[in-house]
Every structure is written in structure tokens, then in C-alpha cells.
Amino acid sequence: MSIPNLLTLLRILLTPALVILLLRHDYANALAVFAVAGITDALDGAVARLMKQKTRTGAVLDPIADKALLASSYITLAVMGHIPEWLAVLVISRDVIILFGVLILILFHNGVEIKPTVLSKCTTLAQLATIFLVLVHMAAGWEGRILDFAFLATGLFTLASGLHYMYRGVAFLNNDAG
């Protein structure tokens, strides 16, 4: 197995550890685990490009690892009252809608390749940064209005990205039908 795929699998394995640490209110270690997961996310793509180890498995596993980490973090932190419920619902709903869109495209068009857009990459970055800021806030007792800004910005990016993917999917289906 390639190094990038091992890094992605590590991120998947870190996800339940993060949830357990959050539920135990061990915020400092949860922050450390989240930071390691974030580093593996940055490294797996960089190593795959540098070592020419891009694989189909990696292309499938990487977004699964990202979604597992983000969904678990948003759900857990919202249930614990550290993230607004509306934001968790928005983040999860966007991913579910994208998943159903991809399934529809696969059903109607064999071999459709979905590539992330710049907007979706910015959305993922905003979602990760928000979790990081919340964990720093919880671990260090840090206070600040930046969390309100992060929640709003992440919500706007998530909404815009979801609408953009929906537009692209409908346009693709309409172009193919004509």
C-alpha cells in the first residue's frame, strides 16, 4: 500500500479517537488528534503528487476520510453545544445532497468523474478551520468573537458550495438530455 493511502487510512482511524476524546471532554488531546488528522490530509495529497503515487483507491478514500472526520466532528460538537446546530445540519446536508447527486449521475451516466471545485476546497478548508478554532477555544479556554465569524463564514461557504454543486449537476443532466 502506498504512503499516501496509509496516511488517509490513519486519518480514518483517528476519527473515532477524536470523537471519544471529545465525549470525554479531553479537549487538549482532541485538538492534538485533529491537528494530526489535518496534517495527514495535507501530506497525503502532497506525497501522492511528489512521489507519483496517485491511485484510484486514494481518490476514493481521501474524500471519505475527509467527510468522516468533518461529519463526526460537526455532529459531536453540535450535540455537545460547542457548534451551532444549524451549522452542523448545513454541513451534513450539503454532503448528503452531493452524495445523492453523485449517485444519480452514476445511475444515469456510467463513469462520471466528480472533481472538487475551488469553492468546495475553500469550503473544506473553512470547515476544518472552524473545528480547529472551536477545539483551540475549548482546550485553552480562549475567548473571542472569531468563532461567530468562523461559523458564519463556514455556513456561507458551505451553502454556496452546495448550491454550486447542485447547479453543476443539473446543468450536466440537462446538457446530456438535449
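Listing 138, 80 from the residue with the fewest other Cβ atoms within 10 Å to the one with the most, what is the order? Don't jump to the answer; show the numbers that get you there.
Working: 138 19, 80 13.
The order, fewest Cβ neighbours first, is 80, 138.
Taking other C-beta atoms within 10 Å as the exposure proxy, 51, 166 rank 51, 166 from fewest upward.
Treating cross-link reach as a plain straight distance, find the lysines whose alpha-carbon is under 19 Å from the alpha-carbon of residue 121, omitting any fewer than eight places away in the same chain. List returned: 54, 67.
Of the residues 33, 50, 106, the one whose Cα sits farthest toward the positive end of the charge dipole of the chain, with +1 on the Cβ of Lys and Arg and -1 on the Cβ of Asp and Glu, is 50.
First check a/c for region 56-112, with a ≥ b ≥ c the square roots of the eigenvalues of its C-alpha gyration tensor; if it is under 1.5, answer rounded, and if not, answer prolate when a/b is larger than b/c or oblate otherwise. Let's see the in-between values first.
Values: a/c = 5.31, a/b = 1.89, b/c = 2.81.
It comes out oblate by the Cα gyration axes.
By other beta-carbon atoms within 10 Å, ranking 24, 56 with the fewest at the front produces 56, 24. Computed log10 I(q)/I(0) for the chain at 0.08, 0.15 Å⁻¹: -0.27, -0.91, from the Debye equation with unit scatterers placed on every C-alpha and solvent omitted.
Placing unit charges on the Cβ atoms only, positive for Lys and Arg and negative for Asp and Glu, gives the chain a dipole magnitude near 420 debye about its Cα centre.
In region 71-178, what GluC sites (Glu not before Pro) fall in a loop by DSSP, with at most 15 other Cβ atoms inside 10 Å? Each step should come with its number before you reach the end.
Numbers: sites: 85, 113, 143; in loops: 113, 143.
Hits after loop and neighbour filter: 113, 143.
One Cα centroid belongs to region 58-98, the other to region 1-15; the line between them spans 19 Å.
Bear in mind that the values in this text are calculations on the coordinates, not laboratory data. Because the structure is a prediction, the values reported are computed rather than measured. Because the Cβ atoms are built from the backbone with ideal geometry, glycine has one as well, and the counts that use them run over all protein chains shown.
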